[in-house]
Amino acid sequence: MTATVMLPGFYRGAINLWVEDQLTEVYLRKAWNDDPSIMFFVGGGNVGVSAVLEEAELAGLGNVFASIDRDFGITNRPDWNNPARSKRFVSSVHEVENHLLDADALAGCSLNTAGRTAIEITARLTNHATNLAWWMAGRGVVSEVRRTIHQDFPKHPRYPTVVDQATAEAYLAAQPWFKSMEAFAPSLTAGNLNAKLVRHHATVEGWINTGDWLKEFPGKELFRHVRDWIYQNPPNAGSSALRDDDLGKAVGEWQVANNRVPQELAELLTALKARAGAP
């Protein structure tokens with residue numbers, strides 16, 4: 001356990017929420033109308049956030065949670081309201097920036113200094129998503145292989161489970177991962193990988209045709225593609241991350257003012273309050 005939960009009063013919020021990056025914090029603050037019951041903590045990515053949540057759970061802290069990007073993984077949104085399930089809330093969209101790909105909000109927000117219309121923004125985003133199709137297919141193959149390899153990956157044996165060669169061999173033989181790898185490894189040939197690539201590309205093209213690219217594509221790539229095209233000549237140029245934050249806040253403010261906060265985020269706030277017993 002690190003010093004985090006050992007500090008008296010470290011978690012002072014009715015709801016203490018770890019998020020992956022600064023943009024997620026500033027956007028959620030605005031989307032949730034600066035709700036005073038929530039204290040945010042930035043954990044520096046999925047791994048960091050998951051680690052600090054685990055130590056809080058080990059310390060028995062019931063009002064500490066984490067909001068995690070789905071990336072190429074699987075959402076647990078159906079379990080958000082189940083108190084018996086994880087306090088790690090995994091989004092149903094690829095990452096938080098997907099919620100910012102709201103053409104009406106981008107067009108109507110206070111930082112659309114270039115005066116782009118929602119139609120223009122949608123066209124530019126769709127065109128860029130189309131250009132990224134094979135890139136997305138390649139990422140899909142890598143993610144599929146990674147999931148397969150890591151699925152059921154064995155944990156280290158505990159003493160005295162293993163005390164000699166026989167028990168060590170028995171432990172390893174009992175792990176299903178090794179048997180699954182025997183069957184899977186031969187499939188990592190150039191021909192099979194190319195077949196996977198074509199299959200993933202067909203899936204990506206389907207997303208583009210149906211509009212599902214808005215939730216399935218990495219939102220960060222698309223958001224940054226239109227950010228400087230929409231938000232031109234900022235008063236303080238700052239870093240790329242600061243410009244992300246500025247436009248993210250403006251989009252969140254527009255969504256609140258126009259009752260357009262994504263339904264998923266409304267559900268997340270409701271689930272956090274219910275599970276923390278917050279008003």
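Key figures for this structure:
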read-out	value
Residue match in the stretch 27-50 (condition: among the aliphatic types (A, V, I, L, M), within 14 Å of TYR11 (Cβ to Cβ), in contact with a strand residue (DSSP E or B) (Cβ under 6 Å, 6 or more places away or on another chain) and not in a loop (DSSP other than H, G, I, E, B))	yes
Total residues in the stretch 90-109, condition in contact with an Asp or Glu (Cβ under 7 Å, 6 or more places away or on another chain) and not hydrophobic (A, V, I, L, M, F, W, C)	4
The stretch 177-231: number of residues that are of a type in the set (Lys, Arg) and under 25 Å from LEU23 (Cβ atoms)	4
Considering residues of the stretch 57-92 that are aliphatic (A, V, I, L, M) and under 15 Å from ARG275 (Cα atoms) only, the residue surrounded by the fewest Cβ atoms within 10 Å (Cβ to Cβ)	ALA84
Unique match (being touching a helix residue (DSSP H, G or I) at 6+ places or on another chain (Cβ under 6 Å) and assigned to a loop (DSSP other than H, G, I, E, B)) among ARG12, ARG85	ARG85
The stretch 162-173, residues that are surrounded by fewer than 11 Cβ atoms within 10 Å (Cβ to Cβ) and either of a type outside the set (D, E, K, R) or closer than 28 Å to VAL142 by Cα (or both)	VAL163, GLN165, ALA166, ALA173
Pair list, Cβ < 6 Å and 6+ apart or interchain, from the stretch 142-159 residues that are in contact (Cβ under 8 Å) with a residue 24 or more places away in the chain to residues that are loosely packed, with under 13 Cβ neighbours inside 10 Å	ASP152/PRO176
Leading residue by the ranking (farthest from GLN22 (Cα to Cα)) among those in the stretch 49-83 that are acidic (Asp, Glu) and more than 18 Å from the chain's Cα centre (by Cα)	GLU57
Residue match in the stretch 187-205 (condition: touching a residue at least 24 places away in the same chain (Cβ under 8 Å), in contact with a Leu (Cβ under 6 Å, 6 or more places away or on another chain) and more than 20 Å from ALA103 (Cα to Cα))	no
Pair list, Cβ under 7 Å, 6 or more apart: the stretch 107-123 residue under 17 Å from ARG260 (Cβ atoms) and modelled with pLDDT of 95 or more, other residue among the basic types (Lys, Arg) and surrounded by 13 or more Cβ atoms within 10 Å (Cβ to Cβ)	ALA107/ARG116
Any hit, the stretch 206-218, residues being out of contact with any helix residue (DSSP H, G or I) (no Cβ under 7 Å at 6 or more places or on another chain), farther than 21 Å from ILE74 by Cα and in contact (Cβ under 8 Å) with a residue 24 or more places away in the chain	no
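The values are calculated or read from the model by the stated rules, or taken from the named source; none is laboratory data. For clarity, every value in this text was computed on a predicted model and none was experimentally measured. With ideal geometry, Cβ positions are generated from the backbone for all residues, glycine too; neighbour counts draw on all protein chains shown.
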